[in-house]
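Structure first, then comments.
The values are calculated or read from the model by the stated rules, or taken from the named source; none is laboratory data. For clarity, every value in this text was computed on a predicted model and none was experimentally measured. When we count neighbours, we look across all protein chains shown, and the Cβ atoms used for this are built from the backbone with ideal geometry, even at glycine.
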């Protein structure tokens, strides 16, 4: 297994949250902006753990909200490095929702976040090495 593959495996990030009323919209489902915030946070942690450098979000791509996430469920965010460039990496984030009182679990959201490693001067630097 290459060093990059090992770094990817070690940096996979999982975060669990409960969906409370203050995070939902008028349909009593998780507000899309809140989901994006949680995904950006999980992907940032993953990219930082992967590179161990300062990283900034430079873009998001193809966020698919496939299933509404109702209030009163548990969500798991799984962030994993999907691609590695010279100064950047792309992190895929999936949100799985779980019913609190059964084993039912479904993938609800998938998105991709691109990060660039930056030095103290805020200019891009190699993401690994």
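Within segment 10-30, can one find any residue that is assigned to a helix (DSSP H, G or I), at pLDDT 95 or above and under 22 Å from residue 84 (Cα atoms)?
Yes, segment 10-30 contains at least one residue that is assigned to a helix (DSSP H, G or I), at pLDDT 95 or above and under 22 Å from residue 84 (Cα atoms).
Looking at segment 10-59 only, could you name the residues that are surrounded by fewer than 12 Cβ atoms within 10 Å (Cβ to Cβ) and without any contact (Cβ under 8 Å) to a residue 12 or more places away in the chain?
Correct list: 22, 26, 33.
Restricting to segment 95-104, and then to whatever is part of a strand (DSSP E or B) and either in contact with a helix residue (DSSP H, G or I) (Cβ under 9 Å, 6 or more places away or on another chain) or in contact (Cβ under 8 Å) with a residue 24 or more places away in the chain (or both), can you tell me which residue is nearest to residue 15 (Cα to Cα)?
Step one: filter segment 95-104 for residues part of a strand (DSSP E or B), giving 95-99.
Narrowing the set further to residues that are either in contact with a helix residue (DSSP H, G or I) (Cβ under 9 Å, 6 or more places away or on another chain) or in contact (Cβ under 8 Å) with a residue 24 or more places away in the chain (or both) leaves 95, 97-99.
Working: 95: 9, 97: 12, 98: 13, 99: 16 Å.
Result: 95.
With respect to residue 75, determine if the residue is in contact (Cβ under 8 Å) with a residue 24 or more places away in the chain, surrounded by 15 or more Cβ atoms within 10 Å (Cβ to Cβ) and touching a helix residue (DSSP H, G or I) at 6+ places or on another chain (Cβ under 6 Å).
Values: in contact (Cβ under 8 Å) with a residue 24 or more places away in the chain: yes; surrounded by 15 or more Cβ atoms within 10 Å (Cβ to Cβ): yes; touching a helix residue (DSSP H, G or I) at 6+ places or on another chain (Cβ under 6 Å): no.
Considered against the rule, which asks whether it is in contact (Cβ under 8 Å) with a residue 24 or more places away in the chain, surrounded by 15 or more Cβ atoms within 10 Å (Cβ to Cβ) and touching a helix residue (DSSP H, G or I) at 6+ places or on another chain (Cβ under 6 Å), residue 75 comes out as no.
If you go through segment 86-124 one residue at a time, how many are farther than 22 Å from residue 32 by Cα and surrounded by 14 or more Cβ atoms within 10 Å (Cβ to Cβ)?
Residues in segment 86-124 being farther than 22 Å from residue 32 by Cα and surrounded by 14 or more Cβ atoms within 10 Å (Cβ to Cβ): 7 in total.
Quick one: residue 109 ticks every box in (1) farther than 20 Å from residue 8 by Cα; (2) free of Cβ contacts under 8 Å to residues at least 60 places away in the same chain; (3) assigned to a strand (DSSP E or B); (4) in contact with a helix residue (DSSP H, G or I) (Cβ under 9 Å, 6 or more places away or on another chain) bar one, so which box is it?
The single condition residue 109 does not satisfy is (2).
Here are 92, 53, 83, 62: which of them is farther than 17 Å from residue 29 by Cα and not in a strand (DSSP E or B)? Don't jump to the end; show me each part of the working.
Values: 92 fails: not in a strand (DSSP E or B); 83 fails: not in a strand (DSSP E or B); 62 fails: not in a strand (DSSP E or B).
When all the criteria are applied, what remains is 53.
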